[in-house]
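Here is the structure we will look at.
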Amino acid sequence: MILFYYPIAYVLLVIYGAEVCPYLESLGTEKLALNMALFLLPVFALRLLIMRHIVDNVSLERKSSRQFRLDLLLFFLIGFLNTIANMIFLKFPVGSGLKITLGYLTVGFFASIDGVLYLERRILRNYQKEGQRCFVERGFFSMPKKFAIITIIATIFIAGIIFLLIVKDFQWLQRNMAERGLNYVRISILKEFSFVLGVISLLGIRLIYSYAKNLRMHFEKQTSVLEMVSGGDLDQYVPVVSSDEFGKIAGHTNGMIDALREKRRISEVFGKIINPAIARRLITDEESEVVSSRRELVVLFSDIRNFTTFSEQSDPEDLVQKLNRYFSGMVPVVHKHGGIVDKFIGDGMLAFFGLNGEMEAPRAAVRAGLEMVGTVPELNNELKLQWQIGVGVHIGETVAGLIGSPERMEYTVIGDPVNTASRIESLNKETGTNLLISEAVYSRLGEDRAETAWTDFGKHILKGKSIRIRVYGINAP
């Protein structure tokens, strides 16, 4: 973008030089154009050579300031070299060269700012396509402060140019007033000022237009990322390419995205350690941290037969891999029927149904137990094993909530039904069944009792119990 300013500056300074300096005017248009080109072209070529090393290869936070200083310095260098050469070879006074230097600095100032704005747009587009995060670590530099500095410097340059025009016109008036006439003088002066003010106005309008494009890109990127965040998409950042208010807002937005990503990651990990339904309850229920409640729950306990012997004969890594695959097949079955996996105890699994008071919890638990038993042959074929499992189901009043100390807590269910379900599961070894349920569960199956060939195994005294419990079982394939 800024490369176009060099030919523009060349044309403008050829015209401007003739208007403000009688020495340059004395060269004539062709010689003046050649004089200007001898210094502008080498500096233009120099920029092409050093741009990559000075600007392109530096960190993002230094690019804008580096490019601004480089371009402004190069425009000053053109005027400075022109001044020195004209003093040495053409014997022009220093004042003649300073007028040209001021002209180059004025154009260079507008060009340098426009170049920085273009650089910011290019960075925004690149990072927008790649979806990466960029961050400028610079001190805060407010937009009002930027505008004030730019306005003051631009005013100084413009005032200097107009002053030189006035001085030149006064000298010209002294020589040509009587000869040319008032009307001719008026028109000539009007043309000069119209030209200079027109050029300055165009440069200012170009700068305003360029900055407006940057504002639009900042707003669009900020808005699009916030819309994505509101929709749950946290894969995009807002590029921070400036140290002003837009950079600050973008930085806060990115910080919010990082916090949401961390929260999502914690929720995902939390959901793997604790059942997602429990995780949601803990997150949304403010009182769940301290309140544990009595609930009638259906408790399911499952266990792999002869797992201790199998583990003694297995490689630990292979054992863990097979056990994880086994639970990967069982957990979805529990979830499918509305149950919640409470914990894994070695090869055993504790789950419960009816946390929200579902009337169908007993049926759901039994159906889950039947499907778990039916899933084992498929897992055995896949893992080349001969595992068998036992499942025990019981219903009763439990306490559900967070248990533990302030430093370490877990959501679980405790109470006699949990122990009873575990004892019923162990009874499968005596009855030769895969699934046993208590009479309390059996009585609530309703029509489901007719769908399964249940066997009444009578009343048994469970380990640690003084009261006999009637159990019903099935040896599912």
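Quick note: the coordinates plus some simple rules give every number you see, no bench work behind them. What you are looking at is a predicted structure, and each value in this text was computed from that prediction instead of being measured. Virtual Cβ from ideal backbone geometry, glycine too; neighbours counted across all protein chains shown.
Tell me the Rg and the Dmax, in Å, that the Cα atoms of region 289-345 produce.
15.2, 45
In square nanometres and to one decimal, what's the mean projected area of the convex hull around the Cα atoms of the chain?
36.9
Per-residue HN-Hα couplings for region 101-110, Karplus 6.51 cos²θ - 1.76 cosθ + 1.60 at θ = phi - 60°, whole Hz, x for Gly and Pro?
Ordered by residue, 3J(HN,Hα) equals 4, 4, x, 5, 5, 5, 5, x, 5, 5 Hz.
Grab the Cα-Cα distance for residue 126 and residue 153, subtract it from 0.36 nm times how many residues apart they are, and report the gain in nm with one decimal.
Stretched out fully, the residue 126 to residue 153 stretch lengthens by 6.6 nm.
log10 I(q)/I(0), Debye, Cα-only region 276-474, no solvent, q = 0.13, 0.15, 0.16, 0.17 Å⁻¹?
Log10 I(q)/I(0), no solvent term: -0.72, -0.94, -1.06, -1.17.
Only counting other Cβ atoms within 10 Å, I'd like 302, 142 sorted with the fewest neighbours first.
By the 10 Å Cβ count, ascending: 142, 302.
Quick one: what are the phi-derived ³J(HN,Hα) couplings along region 229-236, Karplus 6.51/-1.76/1.60 with θ = phi - 60°, whole Hz, x for glycine and proline?
4, 5, x, x, 8, 10, 8, 10
Per residue, how big is the convex hull around the C-alpha atoms of region 2-230? Give it to me in cubic angstrom, could you?
Per-residue hull volume (Cα only) is 142 Å³.
Tell me, rounded to the nearest percent, the portion of alpha carbon pairs in region 333-397 spaced more than 16 Å apart. Write down the numbers at each step before the final one.
Working: 1028 of 2080 pairs.
Result for the distance tail: 49 percent.
Compute the relative contact order of the chain as a whole-number percentage, counting only Cα pairs closer than 8 Å that sit 6 or more residues apart in sequence.
11 percent.
Tally Lys/Arg at +1 and Asp/Glu at -1 over every other residue whose Cβ is under 15 Å from the Cβ of residue 427; what's the total?
Result for the local shell: +3.
From the phi angles alone, apply the Karplus equation (6.51, -1.76, 1.60; θ = phi - 60°) to region 259-266 and give each ³J(HN,Hα) in whole Hz, x where the residue is Gly or Pro.
5, 5, 4, 5, 5, 5, 5, 4
Nearest 5 is fine: what % of DSSP beta bridges in the chain come out antiparallel, could you say?
90
From the mean inverse distance of alpha carbon pairs (Kirkwood) and the Cα radius of gyration, derive Rg over Rh for region 54-105.
A ratio of 1.21.
Three principal axis extents, largest first, for the C-alpha atoms of region 340-448, in Å?
Computed over the Cα atoms, the extents are 44, 37, 24 Å.
Between beta-carbons, use under 9 Å as the cut-off and find the net charge around residue 396, counting Lys and Arg +1, Asp and Glu -1.
Around residue 396, the charge tally is -3.
Using only the Cα atoms of region 1-113, what semi-axes does the equivalent ellipsoid have when each is the square root of 5 times a gyration tensor eigenvalue? Give whole Å, largest first. Write down the numbers at each step before the final one.
Values: eigenvalues 155, 31, 28 Å².
For region 1-113, the ellipsoid semi-axes come out as 28, 12, 12 Å.
Ranked highest first by average number of other Cβ atoms within 10 Å, how do 391-404, 29-42, 305-318 line up?
The most tightly packed comes first, giving 391-404, 29-42, 305-318.
Does anyone have the angle between helix 60-89 and the longest principal axis of the chain? Alpha-carbon axes, 0 to 90°, nearest 10?
10
So what's the net charge close to residue 295: Lys and Arg +1, Asp and Glu -1, counting the other residues with Cβ under 12 Å from its Cβ?
-2
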